[in-house]
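Notes follow the structure.
The values are calculated or read from the model by the stated rules, or taken from the named source; none is laboratory data. Since this is a predicted model, take the numbers as computed values, not measurements. Every residue, glycine as well, gets a Cβ built from its backbone with ideal geometry; the counts of neighbours run over all protein chains shown. Note: accessible area is taken over every heavy atom of the protein model, side chains too, but ligands, DNA and RNA are not part of it. Shrake-Rupley method; radii C 1.70, N 1.55, O 1.52, S 1.80 Å.
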Amino acid sequence: MSHKYVTRTYRLVQNFKAPLDFVYKWCTDFREDDGKYTGSKTRRVFLEKSKDKYIWKVKYREGRRTKEGVRVVWFRPPNAWHLDTCGDGREVGDYKLTSGGKNRTRLDMIFDVTYDDPRDVESREEWEKDGKEHWKMYAAVLERDYKASAK
């Protein structure tokens, strides 16, 4: 049986009411409990943490199945980072921050997601809607943290 892989490109934009350096530090401070921001029950175990990259294993349930994968993030200070995933799917993401003036930062994200089965391909609208909902939650916490740090 031959596979017919399908790759789709998705884009997200998130604006923050915080300066670029704060947003970069916050967004690249990966922790075991980051799922709490979005209500995810995904478990994270870090395999490597260095100044250049973080590598971690994820484990979660999707329906009745337990899935596992690996995430690698390469840091590109002061305003970018790159994500690569494997094991539970294939997703490559690039994140780039742009300053929008005092205490305003824009995050542009581009993801290439490869599906093993063409029947699993998510529509652009569906994928981007989910992504926007997650980043809206992250933005609320980030902005709250920024306000607290500015006091």
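Any idea what angle helix 124-149 forms with the longest principal axis of the chain, computed on alpha-carbon atoms, 0 to 90 degrees, nearest 10?
Roughly 30 degrees between the two axes.
How much mean residue ellipticity at 222 nm does the chain get from its helices, if each DSSP H run of length 4 or more adds -39500 (n - 2.57) and you divide by all residues, to the nearest 500 deg cm²/dmol?
Numbers: 2 runs with 34 residues, N = 151.
About -7500 deg cm²/dmol.
Given a 1.4 angstrom probe, I'd like the percentage of the accessible area of the chain that is carbon and sulfur, rounded to a whole number.
For the chain, the apolar C and S fraction of the accessible surface comes to 49 percent.
Quick one: grab Rg to one decimal and Dmax as a whole number for segment 1-69, Cα atoms only, in Å.
Rg and Dmax of segment 1-69, Cα atoms, are 16.1, 51 Å.
Considering the Cα trace of segment 64-126, what is its radius of gyration and what is Dmax, both in angstroms?
Calculated on Cα positions, Rg and Dmax stand at 15.1, 47 Å.
Segment 23-81: which trypsin sites (Lys or Arg not before Pro) are DSSP loop and have at most 16 other beta-carbon atoms within 10 angstrom? It would help to have the intermediate numbers written out before the result.
Numbers: sites: LYS25, ARG31, LYS36, LYS41, ARG43, ARG44, LYS49, LYS51, LYS53, LYS57, LYS59, ARG61, ARG64, ARG65, LYS67, ARG71; in loops: ARG31, LYS41, LYS51, ARG64.
Here the sparse-neighbourhood loop sites are ARG31, LYS41, LYS51, ARG64.
If the limit is 29 Å between Cα atoms, which of LYS53/LYS136; LYS59/LYS129; LYS25/LYS57; LYS41/LYS151 go over it?
Violating the 29 Å limit, Cα to Cα: LYS41/LYS151.
Given the chain reduced to its alpha-carbon atoms as identical point scatterers, what log10 I(q)/I(0) does the Debye formula return at q = 0.10, 0.11, 0.19 Å⁻¹?
-0.38, -0.46, -1.38
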